[in-house]
Structure formats: structure tokens, C-alpha cells
Amino acid sequence: MTASFIRSDDFAAFVTALIEAGPVYGPVAKRSRFAFERLETPEELRLDYDVTILPPKKLFFPPAQDLVTFDGAGFRAALEPTEKVLLGVHFYDVKAIDQTDLLFSERNYDINYMAHRETTTIVASNIQTVSKRAFFASVGADVEPQGHDAFLTAINGGYVLETRTERGEALLAFGAFQPATEAQIAEAAAVNVAALERCPEELEHGTEAIADKVRAAFQDEELWTTLAADCFSCGTCNTVCPTCYCFDVQDTWNVDQTSGQRTRFWDGCLTEDFAKCSLGEGACENFREERAARFRHRLMRKATYLNEKLGGPACVGCGRCSAGCTADIADPARVINQIMAS
Amino acid sequence: MNHQCHWTDVENIFLPREATIVCSEQATPSETHFTLKMADGQPIEYEPGQIVELSLFGYGEIPIGIASSPTRKNTFDLVVRSVGRVSGAVTKLGKGESVYVRGPLGHGFDLTKLRGHDVLIVAGGIGLCPTRSLIQYILDRRDEFDRFVLFYGAREPSLQLFTDDLARWRTANDVEYYETVDRGDPSWTGNVGVITTLFPQVELGPETRAVICGPPIFYRFVVRELDMIGIPRENVFVDLERRMKCGVGKCGHCQINDKYVCVDGPVFPFADVQGLEEAF
Ligand code: SF4
Ligand code: SF4
Ligand code: FES
């Protein structure tokens, strides 16, 4: 595909043209933080964001998504995907999207995720500001981000847009793009490499060594009990994680009491009842009753269980869980470094 | 991006099909035995040991192992234990009313591993329901299997399921049936004791293929008995129960370490799960 350049002065007009053509989502400021929201104007777009509160997964896998609706006449799929553009996704979130793409499409292809995904044009962008807990440079470093249609990098005087797919190529018609020069392409590459060197945290070992040692530590009850001692079982580390995709499914009635919907809601394996099963006559079995067991399950998923399937760890080093955990115990870089050092 | 097909070409995996209740019978004080028929006349095609998600709109879905064999055509059986919102609503329904099912889901019993061999089934409590799919299958295709031994343990006589079946199996000569209850009652004349008390009553060879389904604590004790007989663990199959939501390997609720009970199981060769710390 191609590499093009657009001058800073022409960029707002490009975003405006996209907004006029259909829904565009991108990072916007939310008080002192950032969130992916639908853009009304190009000025709202904050490509200098560090990290968003929630990852972009919410566009493909909404916090509450109707799967089926029903009424007196019957039931039907609730899915109504619309074409949209998602602008300004950092590469670590693209890697996370690659993972959920694979997991929702393998074995049983879930159109409730995939339809939203396939109707979205993703424009990745370079990391201008590095968040305080990021360690994206040292986790799964050999895994390349795939699922984006174009990659936008801010350089002196403008942006380089490298297209990866036909969808990405189609974006060029919306702005005053011209072919990028060799020097501009080289500058963009250097900008992206430089961002990797600014991570405040890092994993001190490689993916395989980590996977082996973390897996081997499974039965070290004392280790997990200590690590999870301050856990509130709030599930925040699951909610904010771009690679977490567990859910609950529940039916609700509308006020008319005849129509309603079957909806999936984000869930998290750290919450107390996640693996609880009723066995009848008041008996139940919670297959991960202890906080330590739930904490361990999350870390096993991030560092070992899915590696073979994904070709790398199921953590992309965004640091959202580290920043979001009230007890500040969720940080995978710290936890893993601690286990590796033990 | 990473995908093999286009979403418009694929069925929504969360859309259920309507099934009509052909027969409903109170099996125990808390369990109802339903016989269902697909409303569109197209029977579901399944293997013994597979599961379905049973639902009622407005209440929700629950996973249930199919309790009848695909050799019994057109209808299939489910036993619903009334413990929650969905099961409570379903068990109030009767003949002619509709429920909804998704499935079959998961992997059932690998019949190729059982055919041509002696088979022992060890069922405890409600574990008799999913194994009944295999029991019926073996009885219907009896000459495909060698010896067939069945152990069934219930907590007390009044909690025994499928009492018509039990009455037949007690006198049948196509199955060697042994039963026990943890606690007897005045009318009970049979064995009293945990399931393992049945093992000394019958001679079993190390070539036997064994199937186990019961409450969580059950497996460890039964496997110990099978070890003593010398049955290799790759010839032992376990049917496991976990919390399930989606039934299609997505929602994460049913995970045992890195395995998904809903798609990798519910039936597993014991050798594949014995090393999983969260399995037993
Ligand atoms: S690790 Fe932290 S964020 Fe996660 S559940 Fe425990 S307290 Fe909540
Ligand atoms: S585990 Fe934490 S750091 Fe890793 S991807 Fe999830 S939220 Fe980001
Ligand atoms: S029940 Fe959802 S993953 Fe198994």
C-alpha cells in the first residue's frame, strides 16, 4: 500500500470530511483523561492522548450489547452494525484488537463482535505521550500489530498516513494528501521507534521465560495469597483491559412485560461469583472461591494460557489495569517481574 | 484483519430454536424430566454427552446435558433442576408449551474409544442425566460394545432419577447394574454407602473403558478405584460441570485453567485434565 503526507493545516479539513461522510470515533479529553468518543468536530480529536480510560474494544464489544430481542410475535437478532471510522488507536490497542478478532472468530464465529469489527475502518496513530504505567515496548515485542487499515504518524509540519488495506487507501480521497517523501517516511519510522524508548515500566524477561515460570508458580499458594491480599474483587483490571472479553448474558423485560432483550454485559474473572455454579438444594460450588485463585487466573491468562493461540502474551502493556487498580496490585509488569525474581 | 468469513454469511450463534414440550414429569421434588421436540420438525443432531443452552425469553439461558440418546429419534430429554430464575420458570411449563434451545454444544463421549470394549459408567446424583445419553446409546447399539457395567449413586432413594429406567436395568441382562444410596430409608433394601462401596461387588478388568459423571468431590475417589483396577487414565472419561453462560467458548465462565468446558468438553479424557489444578 502507499505512504502519503498531509500538512497540519489541512488535517482538520480531512477529519471534517470524514465526519461528514459517517460516524468517526477518536480520543477526546474527559477532564484530565481521555476516552474514545464519537467526534463532532475535528478540534475534539486529541491525538496527543496518553491512554484512554477504556480501550476501543467498547466499539466492537459494547459494555451492554443486545444479542436477541423478543416480543409477543417471536424473537430476532438485535445486530445492526454501521460503517464507521475509528481514528487514533495506539499500536498496543491494535494488538489487543487482533487478539479479540481471533478469539471471537475462532471455533464459533461470533457475528455480534465481528460485524462491528468488519464495518470499522481503523486508523492507528503514533504515541505522542506515553502514559505513566505503560510497558508496551517490552511485552510481546515481536508481535506486530495487524488489524488496522492505515497508520498515521505526526511528524514536523504534518502527518504521514501509511495505508495497509483498500479501506485505508479509500481515506486518501477525503483529504489533501500527497505522496510522502522518503525523508518523511523515515522520519515517521523514527518517531515510532522513539516512543518505544519512553516506557516508564518494563518486563525484565522474554515471553517464553515468563510463561514457563508463571505457569510453574501455579501451586505456590503463598505467592498468590500475598499478591492478592489487598484485592477488592472489583473487576476494574478486567473492565479496563483491552484483551479481556468475558461477559455475562441476561434477559430483561421492557415495561410492557411482553417484549425484552437478551443482553451480554462485560464481566470479569476477578469478581467473586464469576465461576460460581449452583448445584441444587441450596448447594453451590465456586470453582475460584479465593481472591488469590481469581487473581492467579487473570495473570495466567495474560501471561501463559493464550500464548500459543495468539502467538504472544494476552497483555499488550497498556498499563490501564495498573493505573485503575485502587490497591495498585494489578500491574502485570510488577507482578511478573516479582515472580521472575523469586 | 483476522477472519475467515464475512459476517453477513454467518448465523448468529446466540439465536436459539423453538422446541415444544412433548412430555413433562416431576422426577424428584426438585427435578423435572422434559421430553422435547423441535418446533420446526428438524431434530437436533447430537452425540451422547453434548449440551444445549435451554432458555425462556425474559428469564435467560442455562446449560444442560442432553439426557437421551440420538438413537431415540425426533425427541430428546432434558432434566431441569429448579434452582434459579430460568429453571424455576421452565419447570412450571407443561405439555405443548414452548422453550428455546441452542445447540448441541461442546464435545460429547468419543464413541470410537468405547466401541468394542467393556464399558463402565459411574454416575452420581444428577450426573446420571448426561450419562443417560450414553447408557441409552449403548443399550440401543448393544452389539457394538462388550460388557456394560453401570454404577449409580444417589443421596437417598427418593432422589433417584429415571425410576422407570432403574427398574428395568435392575433385571435387564444387557447391563450389569449396581446402585447405592448414601442414606437408606425403611423401604430400601439395596446397598447403602458411597459410590466406591460398589467396586468390590464386581470384577472389572484393566481393559475396561470408564466414564465418570457426578458431583465435584466424586471424581478423585472414583479415579482411585479405577487406578487400583489398573485402568489407564487415557481410558477414563470425565463429564464435567462448570458455570456456563455462552456455551460457545467466548464468555470465559466455564474455564478450567486454559480449557473451556463448553467447547473442549464437557467430556474430557481424564489424562487431559488431571494435570489441571482447577479441574478437581
Ligand atoms: S486486582 Fe485491583 S483492579 Fe483487579 S479486582 Fe483486585 S482490586 Fe480490583
Ligand atoms: S493486563 Fe493490564 S497492562 Fe496488560 S493489556 Fe490488560 S490492562 Fe493493559
Ligand atoms: S460457557 Fe462461555 S466460554 Fe464456556
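Laid out as a table, the results:
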quantity	calculated
Charge dipole magnitude, Cβ of K and R +1, D and E -1 - the protein assembly as shown, Cα centre, debye nearest 20	800
13 Å beta-carbon shell around residue B:185, net charge (K/R +1, D/E -1)	0
Packing-based exposure ordering (other Cβ within 10 Å, fewest first) of B:213, A:234	A:234, B:213
Gyration tensor (alpha-carbon) shape descriptor, region B:84-226, a/c threshold 1.5	oblate
5 angstrom amide H check on residue A:89, placed H, neighbours 5+ away	A:123, A:124, A:125
Cα principal axis extents for region A:1-88, largest first, Å	56, 31, 26
Cα-based convex hull volume of chain B per residue, rounded to whole Å³	146
Radius ratio Rg over Rh of chain A, counting only Cα atoms, Kirkwood formula for Rh	1.00
Amide proton proximity set for residue B:148, modelled H, under 5 Å, gap of 5+	B:119, B:176
Inter-chain shielding of B:10-18 (mean C-beta neighbours from other protein chains, 10 Å cut-off)	6
Region B:233-241 - phi-based ³J(HN,Hα) in whole Hz, Karplus 6.51/-1.76/1.60, Gly and Pro as x	5, 6, 9, 10, 10, 10, 10, 9, 10
Those Cys residues of chain A for which no other cysteine Cβ falls under 4.7 Å	A:199, A:231, A:234, A:246, A:269, A:277, A:284, A:315, A:318, A:325
Per-residue ³J(HN,Hα) for region A:210-219, Karplus 6.51 cos²θ - 1.76 cosθ + 1.60, θ = phi - 60°, Hz, x for Gly and Pro	5, 4, 5, 6, 5, 4, 5, 7, 3, 8
FRET efficiency for residue A:328 and residue B:191, using Cβ-Cβ distance with R0 set to 45 Å, rounded to 0.05	0.20
Amide H within-cut-off set for residue B:107, under 5 Å, with H built and near neighbours excluded	B:265, B:267
Convex hull volume of the protein assembly as shown per residue (C-alpha atoms, cubic angstrom)	172
Kirkwood-based shape ratio for region B:7-105, expressed as Rg/Rh from alpha carbons	0.96
Per-residue mean of C-beta atoms belonging to partner chains within 10 Å, peptide B:57-65	5
Positive-end residue, region A:3-196 charge dipole about Cα centroid, Cβ charges, pick of A:42, A:99, A:168	A:99
Highest-first arrangement of B:200-212, A:104-116, where packing means the average Cβ count within 10 Å	A:104-116, B:200-212
Shape category assigned to region A:67-107 from the gyration tensor of Cα positions, a/c cut at 1.5	oblate
Whole-Hz couplings from phi, Karplus 6.51/-1.76/1.60, listed for region B:148-161; x for Gly and Pro	10, 10, 10, 10, 9, x, 10, 5, 8, x, 5, 9, 5, 9
13 Å beta-carbon shell around residue B:174, net charge (K/R +1, D/E -1)	-1
Tail weight of P(r) past 14 Å, computed on alpha-carbon pairs of region A:96-165, percent	70
Region A:220-301: C-alpha gyration tensor shape, a/c 1.5 cut-off, then a/b vs b/c	oblate
Exceeding the 21 Å Cα-Cα cut-off - candidates A:58/A:84; B:37/B:113; B:73/B:250; B:95/B:245; A:58/B:250; B:37/B:250	B:37/B:113; B:73/B:250; B:95/B:245; B:37/B:250
Local electrostatic count at residue A:55 - Lys and Arg +1, Asp and Glu -1, tallied over other residues with Cβ under 15 Å	+4
Within 10 Å of each Cβ in A:262-275, the average number of Cβ atoms from other chains	3
Difference of contour (0.36 nm per residue) and Cα-Cα distance, residue A:32 to residue A:107	22.9 nm
GNM top mover of A:125, A:32, A:138 - chain A, alpha-carbon springs below 10 Å	A:32
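Since every read-out is calculated from the coordinates, none of them should be taken as a lab result. Since the structure is predicted, the reported quantities are computational estimates derived from the model, not experimental observations. Backbone-built Cβ (ideal geometry, glycine too); neighbour counts: all protein chains shown.
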